[in-house]
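Asker: Mind having a look at this structure? Questions to follow.
Just so it is clear, none of the values below were taken in a lab; they were calculated from the coordinates. Keep in mind that what you see is a predicted model, and the values were worked out from it rather than measured. Ideal geometry is used to build each Cβ from the backbone, glycine not excepted, and the neighbour counts take in all protein chains shown.
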Amino acid sequence: MPNLQLFATTPKAMEDILADELHQLGATNIKTTIAGAYFEGDLQTAYRVCLWSRIANRVLLQLSTFKVTSQDDLYQGVKKIDWFEHLQPDGNFAVTFNAKNSQAINNTHFGALKVKDAVVDQMRAKFQNRPNINTEQPDIRINVNLNGEAAVLSLDLSGESLHRRGYRDTTIKAPIKENLAAALLIRSRWPDIAKQNGTLIDPMCGSGTLLIEAAMIAADYAPGLLRDYYGFIGWKKHDAACWQALLFEALQRKTAGLKQLPTIAGFDKDRRNINAALTHVANAGLQGKIHLECRDISDAAPALSWKPGLVICNPPYGERLGDEQEIAELYKKFGDSLKAKFSHWQAAVIISNPELGFRLGIRSQKPVTFYNGALECKLLRMTIEESTFFVPKPKSTEERITQINETISAQQSEVFKIKRLSEELKVESTLTAENADDREILGEYDIGVLSFYNRLQKNLKKLSAWKRKSNITCYRVYDADLPDYAVAIDIYQDNNNGSEQAWVNVQEYEPPKNIDPFKANQRLAALLQEIPKVLDIPPDHVFLKIRRKQKNTDQYEKLGDQGHFHIIEEHGCKLQVNFEDYLDTGLFLDHRPLRLLIQQQAKGKRFLNLFAYTGSATVHAAVGGAKATTTVDMSKTYLDWAKANLALNLTVGKHEFIQADCLEWLAEESAHHYPRQYDLIFLDPPTFSNSKRMDDVFDVQQDHVTLIQQAAALLAHEGILYFSTNFRRFVLDAEALSTLKIENITAKTIPEDFARNPKIHYCWRITK
């Protein structure tokens, strides 16, 4: 048989798996491209790929290539083929047309009509008869792919996508296609595990696609055996004898393979899914070969007789809004089940959100990228051994407290316990146990707690005179003074309805990877125990946040929806703060001196607050007598908060709030021939942002020159721009900004309570 020019399509990111498979099936000169692979082979090879490929979608037989610069070029190129070699005059056919980057034809329906006309016109001219169109099961399916001016004309030998094996009920929604399931199994080394008689378990099996594909792989079961239609069945050049020989061979291999099938089991908590899986298993002729049970993920476990093998599943991705917490709990439960019941097994999980992978608490190999439709996913492959286990980073205070409880209950439950006493944070501990036995057990750890207790008292005493003299009610009292107790502690005095109360915001700095999680949990728990004692406040007035390296604009990330606001005062300004719903409280305490400076300079001025957050600087300007303020921020939530802050203060003047991307707004305003003019501008951008609502990625180091120049363009005569950033490695490009007068005032804007951390921010006074 002569060699044919062939092309197999496949989902993106599966090209290499397809190439390996084509090689095993006898193809030659294999070259991968995006979403497919070119190859050569005789007709038998083409048939074999159609019958045996677990990865391909379609197999295309190339008939010709030609140039298309006009509609007529397409028509004539198709007409050059002698269609009588492929199709009877009274037969039927279908056309698939795709175009990309074409100037001549950009409408696929129109392109398909031109191809149809060329075939019909040729047949009618020769035989006074014409073939019909049949889109369901045509004798042949013609495929034309037009990329720019290059057209490839092919016959689709597969007929319909090869991922449709024929066992799945089309009325049942399935999360993954059959060829994606096969690719996941191959990348998870299931073929090798099956040869060693290892077990496969899918603990969230849904309608059973992974189970059936695993059985087909293990049994040497050709995935195309269940199909009764291919694109070559009605083709005039079809070699029926060759095809029947391949079918006979495949049936023999299937029969032999099913006798040696390893244990394959699926669990699902939904009885409807189990029923669907049973239907699909029966459709595939695998009754009695796959074990199915209705079980929750927490009850998923292998029988004692099952040999360790592969746990694989496609859990929910949590794409719907509001699912995050529920899905995160599911992944944690799955990880706990793997650790407890599947020691020395392999595991594979496909996920769309990498963060969910961490919820498993098991280190994985380098993830493999796949696409489930248009959704990019990662396949995580793990060995279930204690050396690969880790404690996932907590996403909330509640989760952090739960972790502490679990760690301590497992390792030291009689000595040290933390409980959640209410919906809000209330911590109790037996840490400061008075009996000698407990003290002896705690040893040096108790000494560390005492050191923290003493340091907190010392800091309170040191700051007392300063805060009293300066009338400071909200301040930082501790900032990782002791390395083992790496937290920031801020005190807020609430002046709501005349009742003075103190509230404490604790921000835990993420411990280094080399710190034992148990020790980190111990230290945090002890700290939370001591803070109410030292500050003489109720435990439920202490709020815990986890401070990690910021991504994007983390202060904007909502953590809850309690809606509890407290009113504090700062230099005569009333401001709302929130301790529960966000990573930050709504007030950056380190900018306190700068806000006071703005207040002192604002009288009679026009003030602009960019990246305004909750508008605290706007409030200070208004209270200072600004005749007009403009507050710009991208978030409606924070603009509403800023409006509420301003409403708390009896101010005069015109106040404007603009919801906009500050980068875009500033670029547009500065480009005007007569831009807005402001006497006082505060510019405090995020370090980095790629927010979904921003078209471009912002990097303060790379983009600050343009940002400052645009802001300076809005400065009135003798106007002042205050530029600040909390990026610790920031270097101002003074040379690029040489047309402006710049004064570094950082030292003047670092308050007493942040003296230990002089790099908390940088600040410059800029004028024209």
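Asker: Please list the three semi-axes, largest first and in whole Å, of the ellipsoid equivalent to segment 611-664, using sqrt of 5 times the eigenvalues of its alpha carbon gyration tensor.
Answerer: Details: eigenvalues 68, 26, 13 Å².
Values for segment 611-664, descending: 18, 11, 8 Å.
Asker: Also: What size of dipole, in debye to the nearest 20, comes out for the chain about its Cα centre when the only charges are +1 on Lys and Arg C-beta atoms and -1 on Asp and Glu C-beta atoms?
Answerer: Result for the chain is approximately 760 debye, rounded to the nearest 20.
Asker: Express the Stokes-Einstein translational diffusion coefficient of segment 143-230 in µm² s⁻¹, to the nearest whole number, given a Kirkwood radius over alpha-carbon pairs, 10 °C and a viscosity of 1.306 mPa s.
Answerer: My calculation gives 105 µm²/s for D.
Asker: Taking a quarter of the surface of the convex hull around the Cα atoms of segment 580-767, what do you get in nm²?
Answerer: Spelled out: convex hull of the Cα atoms, projected over all directions, averaged, 10.9 nm².
Asker: Now, a different point. What is the spread of the Cα atoms of segment 94-215 along each of their three principal axes, largest first, in whole Å?
Answerer: Largest to smallest, the principal-axis extents are 62, 32, 27 Å.
Asker: To continue, here is another question. For Cα pairs less than 8 Å apart in space and 6+ apart in sequence, what is the mean separation divided by the residue count of segment 1-59, i.e. the relative contact order in percent? Please report the intermediate quantities before stating the final value.
Answerer: Working: 113 pairs, mean separation 27.1, N = 59.
Reported relative contact order: 46 percent.
Asker: Here's a follow-up. Put +1 on the Cβ of every Lys and Arg and -1 on every Asp and Glu Cβ in segment 580-767; which of 686, 628, 675 then has its Cα farthest towards the positive end of the dipole?
Answerer: Farthest towards the positive end: 628.
Asker: Positive end of the dipole of the chain, charges at C-beta (+1 Lys, Arg; -1 Asp, Glu), about the Cα centre: which of 6, 464, 712 has its Cα farthest in that direction?
Answerer: Looking along the dipole axis, the top candidate is 6.
Asker: Another question about this same structure. Return one number: the angle in degrees, 0 to 90 and rounded to the nearest 10, between the long axis of the Cα atoms of helix 700-712 and the longest principal axis of the Cα atoms of the chain.
Answerer: Compared with the principal axis, the helix lies near 60 degrees.
Asker: In degrees between 0 and 90, to the nearest 10, how far off the longest principal axis of the chain does helix 636-647 point, with axes built from Cα atoms?
Answerer: 20 degrees
Asker: Out of the DSSP beta bridges found with both residues in the chain, what percent are antiparallel (nearest 5)?
Answerer: Percent antiparallel among DSSP bridges in the chain is about 60.
Asker: Tell me, 205, 573 in order of fewest to most beta-carbon neighbours within 10 Å?
Answerer: Ranked by crowding around the Cβ, least crowded first: 573, 205.
Asker: Can you tell me the equivalent ellipsoid semi-axes for the chain? Use √(5λ) from the Cα gyration tensor, largest first, whole Å.
Answerer: Square roots of five times the eigenvalues give 63, 39, 19 Å.
Asker: What is the extension gain from residue 383 to residue 278, computed as 0.36 nm multiplied by their sequence separation minus the C-alpha to C-alpha distance, in nm to one decimal?
Answerer: 34.8 nm
Asker: When the label point is put 7 Å from the Cα of residue 627 along its Cα-to-beta-carbon vector, which residues of segment 635-669 have a backbone N closer than 15 Å?
Answerer: 652-655
Asker: Distance between Cα centroids, segment 702-768 to segment 665-690: provide it in whole Å.
Answerer: 14 Å
Asker: What percent does the relative contact order of the chain come to when contacts are Cα pairs within less than 8 Å and at least six residues apart?
Answerer: The value is 6 percent.
Asker: List, in the order given, every pair from 67/116; 574/741; 462/759; 12/100; 289/378; 289/341 whose Cα-Cα distance in the structure shown is over 25 Å.
Answerer: 574/741; 289/378
Asker: Could you please rank 70, 364, 724, placing first whichever residue has the fewest other Cβ atoms within 10 Å of its Cβ?
Answerer: 70, 364, 724
Asker: Using only Cα atoms, tell me the angle between helix 517-535 and the longest principal axis of the chain; keep it within 0 to 90° and round to the nearest 10.
Answerer: Once rounded, one gets 30 degrees.
Asker: Still on this structure: Considering just Cα atoms, how many Å³ per residue does the convex hull of segment 4-156 enclose? Could you put the intermediate results ahead of the total?
Answerer: Numbers: hull volume 16.6 nm³, N = 153.
Residue-normalised Cα hull volume stands at 109 Å³.
Asker: So how strong a dipole does segment 4-156 carry about its Cα centre when Lys and Arg Cβ are +1 and Asp and Glu Cβ are -1, to the nearest 20 debye?
Answerer: Here the size comes out at about 260 debye.
Asker: Which is farthest toward the positive dipole end of the chain among 610, 217, 66, measuring Cα position about the Cα centre, with Cβ charges +1 (Lys, Arg) and -1 (Asp, Glu)?
Answerer: Most positive-ward Cα: 66.
Asker: Can you sort 359, 253, 272, 381 so the residue with the fewest Cβ neighbours within 10 Å comes first?
Answerer: 272, 253, 381, 359
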